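In what follows, a structure is listed as structure tokens, so that the remarks can point back to it.
The values are calculated or read from the model by the stated rules, or taken from the named source; none is laboratory data. Computed from a predicted model, the values in this text were never measured in an experiment. Neighbour counts are summed over all protein chains in view; Cβ atoms, including those assigned to glycine, are modelled from backbone coordinates with ideal geometry. Ligands, DNA and RNA are excluded from the accessible area calculation, which covers all protein heavy atoms including side chains. Shrake-Rupley method; radii C 1.70, N 1.55, O 1.52, S 1.80 Å.
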Amino acid sequence: MKYLEIEHLKKTFDNLQVLKDISLSVEEGEVVSIIGPSGSGKSTLLRCATMLERMDGGSLSYLGERAAWEENGTCVYAPKSELKRIRKSYGLVFQSFHLFPHFSVLKNVMDAPVNVDHVPKAEARLRAEKLLGQLGLADKKDAYPHQLSGGQQQRVSIARALALQPRILFFDEPTSALDPELTGEVLKVIRELAREHMTMIIVTHEMQFARELSDRIIFMEDGVIRQQGTPQELFGNPDERVREFIGKFQA
Amino acid sequence: MDFGMMVAQLGEGMVVTAEIFFLTLLFSLPLGLVICFGRMSGHFLLRTLSKIYISVMRGTPLMLQLIVVYFSPYYVFGIKISAAYRFTAVILAFALNYAAYFAEIYRGGIESMPVGQYEAAQVLGYNRTQTFFRIILPQVVKRILPSVTNETITLVKDTSLAFVLAVVEMFTAAKQIAAKETTILPLMAAGVFYYLFNLAVAAFMEYLEKKMSYYR
Ligand SMILES: Nc1ncnc2c1ncn2[C@@H]1O[C@H](COP(=O)(O)OP(=O)(O)OP(=O)(O)O)[C@@H](O)[C@H]1O
Ligand SMILES: [Mg+2]
């Protein structure tokens, strides 16, 4: 089943067309990595997909339900109540975590399930504690975000997203704000999720990681998908621009 | 007049001062939030009106505002002003004035919040009200506490302006005794009272700040 389907997505920021006709569909269980130079529109694509940014054209559906589509040349969004339901199908992990600093780790993870999904408190707490345990944070549940390392904060933010039991998880450069030694612990968590067949779309500069983990890699440049394929296809037979880009990471 | 009687009379004024202080905070703190919402609203008319309101309240003397609030029922609506209205007018004018200052303090705090907090909340499915009251406001309160303390300390001293409407708060009481007994002692005593009051206010605000220092 198609978990995410984006067709002909266009996005312009004051006269700068950042996304030019992007189409992308993601199947259940697929892990898709998005790579590409800075400014190519990777974050904007994720922000449009997660409805943090309004699309200017094209359509967006989750699990076959339409969230946005084009009508008479403009993009229209589904009614609020439908969007609210559609939003439940995905989660987003930010580069700089954006944890709620005034909530403890446990509250960060259980607050949305309780207040948004109306999960009974006891159940939400169990779910949160289980997730924190799986992510190696069992002893941190009473800590506050500022008391944690960047890697721990990012793992909490992954737990926070997972607590709402999304079908798709987006990551926007989840390790770019971290020191190399902390990057590993976050990548390990994402690897673990891939093993459990979590559907994921990951913007990353970690080439080796993308290569070993992804079912498909998308190379973006100047607001278009320049090349895409399995890691073997992309790394084995890169077009000229992709080769140049990958080359920079091996130097 | 002996010292004990002087203290008793000042004490009565002190009660009025405290009433003005607490009632002003009670009304102006929430009213400030409402005005702040207006000021930050996407609605042009609402935003402009709030802006003008804040500008006028901050740009004219509180003393004049007290007089306007007191006399306008008569001059504008022709309603006879009762003596009991004096105290009400004082509270009304103070609350309207301080709300303007608080509105700007709130706005500063809200605008200083990183946009990531809103975006994280939105993706997690919080609605706008939940986002504001669960995520944003608690953090704003922590950020603006020092400015609120400043305003609150000013308010303690501003209460003496109630004399314009012949409401006998502490400073007026002190002046009356001082004039009658031809001594400045009551005024000095009033000064000590204000100082102690503000010491208590500052201590309480410090306690609040400490209570909120568990996170950064
Ligand atoms: N809110 C905005 N307003 C105006 N321009 C924007 C906005 N957001 C992004 N842009 C522009 O859109 C382009 C694409 O930005 P985007 O953040 O999507 O790139 P990216 O591929 O994620 O880059 P990076 O690898 O550096 O994160 C850039 O030129 C950027 O300046
Ligand atoms: Mg980016």
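Kindly identify chain A as rounded, prolate or oblate by the Cα gyration tensor criterion: order the square roots of the eigenvalues as a ≥ b ≥ c, call it rounded if a/c is under 1.5, otherwise compare a/b with b/c, prolate if a/b is larger, else oblate. Judged from the Cα gyration tensor, chain A comes out oblate (a/c at least 1.5, b/c at or above a/b). The magnitude of the dipole of the range A:14-60, with charges of +1 and -1 set on the Cβ of Lys/Arg and Asp/Glu and taken from the Cα centre, is near 180 debye. In terms of its alpha-carbon gyration tensor, the range A:85-207 comes out oblate; a/c meets the 1.5 threshold, while b/c is at least as large as a/b.
Eigen-decomposition of the gyration tensor built on the alpha-carbon atoms of the protein assembly as shown gives equivalent ellipsoid semi-axes of 60, 25, 18 angstrom, largest listed first. Overall form of the range B:78-206: oblate. Here a/c, set by the Cα gyration tensor axes a ≥ b ≥ c, is 1.5 or more, and a/b is not larger than b/c. With all protein chains in place and ligands, DNA and RNA left out, the 1.4 Å accessible area ranks B:R39, B:R143 as B:R143, B:R39, largest first.
Over chain A, what is the mean sequence separation of C-alpha contacts under 8 Å (at least six apart), divided by residue count, expressed as relative contact order in percent?
25 percent.
Using the crude model of +1 on Lys and Arg Cβ and -1 on Asp and Glu Cβ, and no other charge, please compute the dipole size for the range A:1-144 relative to its Cα centre, in debye to 20. Computed about the Cα centre, the dipole is about 460 debye.
Taking the 1.4 Å solvent-accessible surface of the protein assembly as shown as the whole, the part contributed by carbon and sulfur is 58%.
Once the mean of 1/r is taken over each pair of separate Cα atoms and inverted, the range A:145-251 shows a Kirkwood hydrodynamic radius of 15.0 Å. Calculated [222 nm] ellipticity per residue, helices only, for the protein assembly as shown: -18500 deg cm²/dmol; basis is -39500 (n - 2.57) per DSSP H run with n ≥ 4, divided by all residues, nearest 500. Can you run the Rg to Rh ratio on the range B:63-102? Use alpha carbon positions and the Kirkwood inverse-distance Rh. Here Rg/Rh amounts to 1.01. The dipole here belongs to chain A: it is taken about the Cα centre, uses +1 on the Cβ of Lys and Arg and -1 on the Cβ of Asp and Glu, and is about 740 debye. Relative to one another, the C-alpha centroids of the range A:120-168 and the range B:82-148 are positioned 30 Å apart.
Whole-percent P(r), the range A:1-134, all Cα pairs, 10 Å bins from 0: 11, 34, 33, 19, 4, 0.
Could you grab the relative contact order for the range B:1-128? Cα pairs under 8 Å, six or more apart, rounded to a whole percent. Computed over the range B:1-128, the figure is 36 percent. Remark: spin-label model distance A:H118-B:Y75 equals 5.5 nm, labels positioned 7 Å along the Cα→Cβ axis. With a bin width of 5 angstrom, please list the P(r) values of chain B as percents of all Cα-Cα pairs, from the 0 bin to the one holding the largest distance. Calculated P(r), rounded to whole percents: 1, 7, 12, 15, 16, 14, 12, 9, 7, 4, 3, 1, 1, 0, 0.
Since only B:Q176, B:M14, B:Y106 are under comparison, the one whose Cα sits farthest along the positive direction of the charge dipole of the protein assembly as shown, derived from C-beta charges on Lys, Arg, Asp and Glu, is B:Q176. With only Cα atoms counted, the range A:100-164 has Rg and Dmax values of 10.5, 30 Å.
When the GluC sites (Glu not before Pro) in the range A:176-216 are filtered for DSSP coil states and for at most 15 other beta-carbon atoms within 10 Å of their beta-carbon, the remaining sites are A:E196. Here the relative contact order of the range A:100-164, from alpha carbon pairs under 8 Å that lie six or more residues apart, stands at 49 percent.
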